[in-house]
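Worksheet: the structure to be examined is printed underneath.
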Amino acid sequence: MSFSLFHPAFKSKPFWWESYEPKPIELDDVPSKTRVAIIGAGYAGLACALELSKHRIEAVVLDAEMPGFGASARNGGMVSSGVSIGKRYSGKNEPEELLALYSDAADSFSLIEDLIAEEGIDCEWKKTGRFVGAWCQKHFEEMRNKIGLLNEGAEAGAYILPRERQREEIGSDYYHGGMIVMRSGHLQPALYFKGLLGAVKKRGVTICAKAPVTALNQANGGWRLTTSRGTMQASEIVVCTNGYTGPVTPALQRRIVPVGSYIIATEELPEEVAEGLIPKDKSIYDTRRVLTYYRMSGDRKRLIFGGRARFGQHAPEEAAPLLYRFMCDRFPQLEGCRITHAWSGNVAFTFDEVPHMGRLDGLHYALGCNGSGVAMMTYLGTMSARKIAGVANYHCAFDKQEFPTNPFYHGNPWFIPLVGRYFRVRDWIDRHFL
C-alpha cells in the first residue's frame with residue numbers, strides 16, 4: 001500500500017492550513033505588568049482574553065509558539081453538545097451531577113454559535129449533526145439506555161438508528177447501528193481560530209508570541225512570570241495550555257495526560273464517491289476504544305479521517321498507513337485513493353475523562369478537553385474570565401469537579417503504549433464476543 005499511499009503533493013501538515021496557517025505575528029514586547037496573564041493562545045486562552053476585554057479587565061496572552069500552532073488549528077473541527085463528556089466515567093456520577101455537566105456542555109455549543117455570529121467568523125460552520133457508530137451490539141444497547149439522559153441534560157436531539165437504517169447516514173455497513181445527535185456540527189478549526197484571534201486583536205489585547213513561560217513565583221500579592229523575552233507582574237494567572245501543559249505548572253501537568261491524535265486528508269474524490277460516504281454531511285465517530293473520527297471537508301470533496309492510530313508520539317507519516325487501513329475498513333470504496341496531508345496534535349485527557357476549570361495552588365486553569373476541545377475549551381476559557389470578573393450569575397458545573405491525578409504519574413505518559421495494547425485487545429473482544 002505504501003507505494004501509492006502518498007500523493008505526489010503530500011504535505012506533513014494540517015489540511016486546514018491550506019486556508020489559514022499559524023504564522024509569525026509581530027512580537028509584541030512582554031509588558032512589565034498586567035491584571036491577568038493568560039498562558040496559552042489557543043481556543044481557551046483567546047476566549048478568556050476576549051471575555052475579559054468585554055468586562056474591561058486588562059489581560060496579556062503568552063504563547064511558547066505562534067498562536068494557533070497547537071491543537072486549536074490541528075483538530076478535526078467537530079463540535080458536540082455534550083455527547084462526549086465523560087464517555088466512560090460519567091456512569092459513575094450521580095444523575096444530577098451528570099445532568100449538570102451535560103447542561104453546561106450544551107451551553108458550550110450555544111456559545112460557539114453565538115461567537116461565530118457575533119464576530120462574523122467565516123469558518124465553514126455546519127450544524128448538520130453527528131452519527132456515533134456502535135462498535136459492537138453491546139455498545140448499541142448502551143447508547144439506547146443513554147438517550148433519555150442525554151436529551152434531558154444536553155437537549156441533544158438524539159435518537160437511535162438501527163443497523164438496517166445506518167446507510168441513511170454513512171455509506172458503510174461497518175457498525176452495529178448507532179446514535180444520531182442532531183445538536184452537533186463541524187467547522188474549519190483553523191479558520192475558527194483565525195476568527196477568534198482577530199476578535200481579540202480588534203479589542204487591543206496584547207498577545208506575546210514566542211514567549212514561553214519558564215518560571216512562576218508568587219510576589220507582591222500576585223505573580224511574577226519569567227519568560228524567554230522578559231518578566232511580567234500579574235495579579236492573576238489563567239493556565240490554558242491543555243495538551244501542551246509543561247513542568248512550569250507541575251501540579252497541573254500531573255493532572256493532564258497528553259495523547260497524540262493523528263489525522264489524514266484524502267485527495268479530492270470523484271463526486272459520486274464523495275457524495276455517498278456521508279450523504280447528510282454529519283461528523284462521525286465510533287465507540288471503539290482505539291477511537292476513529294471523520295467527516296467531509298467543507299467543500300465535501302475530501303474525507304478527513306482521524307484517530308488514535310499510534311499510542312505515543314510518532315511522526316504523522318508513521319501513523320498514516322494505519323489510519324488509511326482504518327478508513328478503508330469502513331469505506332472499501334476508498335481503497336486506492338491517495339492522501340495529500342497527514343498531521344498530529346496533542347489531545348489532553350484527564351483521569352476522570354471530564355474537562356476541568358478552577359483554581360489550584362493559586363492558579364486559574366481551563367484544561368482537559370478529552371477530545372471535545374473546540375466548544376469545551378472555548379467555553380471553559382470564557383467561564384474562567386467570567387469567574388475572574390465576578391459576574392453575578394456565574395455558574396459552571398465543570399468548576400465544581402475534583403481534579404484527580406495518580407500518585408504514579410508526574411507528567412510523563414510512559415504508560416500510553418501499554419494502554420494502547422490493552423485497548424486493542426478489549427476492542428477485539430468487544431467486536432467478536434459482545
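A Cβ distance below 8 Å, combined with a sequence gap of six or more or placement on separate chains, defines the contacts here; from region 330-352, residues that are surrounded by fewer than 22 Cβ atoms within 10 Å (Cβ to Cβ) reach residues that are of a type in the set (D, E, K, R) and assigned to a strand (DSSP E or B) in the pairs THR340/LYS11. Of everything listed in (1) out of contact with any strand residue (DSSP E or B) (no Cβ under 6 Å at 6 or more places or on another chain); (2) open to solvent by 10 Å² or more (accessible area, probe 1.4 Å), the single unmet condition for TYR192 is (2). Looking across GLY198, GLY204, one residue alone is outside any strand (DSSP E or B), open to solvent by 50 Å² or more (accessible area, probe 1.4 Å) and touching a residue at least 12 places away in the same chain (Cβ under 8 Å). It is GLY204. Just for region 28-62: of the residues that are farther than 18 Å from SER108 by Cβ and among the basic types (Lys, Arg), which one is least open to solvent (accessible area, probe 1.4 Å)? Among them, the one singled out is ARG35. When region 353-371 is filtered for residues that are surrounded by fewer than 20 Cβ atoms within 10 Å (Cβ to Cβ) and closer than 13 Å to SER384 by Cβ, the ones remaining, listed by number, are GLY358, ARG359, LEU360, LEU363.
Touching a strand residue (DSSP E or B) at 6+ places or on another chain (Cβ under 6 Å), part of a loop (DSSP other than H, G, I, E, B) and surrounded by 21 or more Cβ atoms within 10 Å (Cβ to Cβ): is that true of ALA319 in this structure? No.
Among the residues of region 396-432, those that are in a loop (DSSP other than H, G, I, E, B), in contact (Cβ under 8 Å) with a residue 12 or more places away in the chain and open to solvent by less than 90 Å² (accessible area, probe 1.4 Å) comprise CYS396, GLN401, PHE403, PRO404, THR405, ASN406, TYR409, GLY411, PRO413. Listed by first and then second residue, the pairs linking a residue in region 41-60 that is within 15 Å of ILE116 (Cα to Cα) to a residue that is small (Gly, Ala, Ser) and modelled with pLDDT under 95, with Cβ atoms under 6 Å apart and 6 or more places separating them unless they lie on different chains, are TYR43/SER72.
For THR382, the conditions (1) among the hydroxyl-bearing types (Ser, Thr, Tyr); (2) over 22 Å from the mean Cα position of the chain (by Cα); (3) outside any strand (DSSP E or B) all hold with the exception of (2).
The values are calculated or read from the model by the stated rules, or taken from the named source; none is laboratory data. All values derive from a computational prediction rather than experimental measurement. Positions of Cβ are generated from backbone atoms using ideal geometry, with glycine treated the same way; all protein chains shown enter the neighbour counts. Just so you know, the surface numbers come from the protein's heavy atoms only, side chains and all, with ligands and any DNA or RNA stripped out. Shrake-Rupley method; radii C 1.70, N 1.55, O 1.52, S 1.80 Å.
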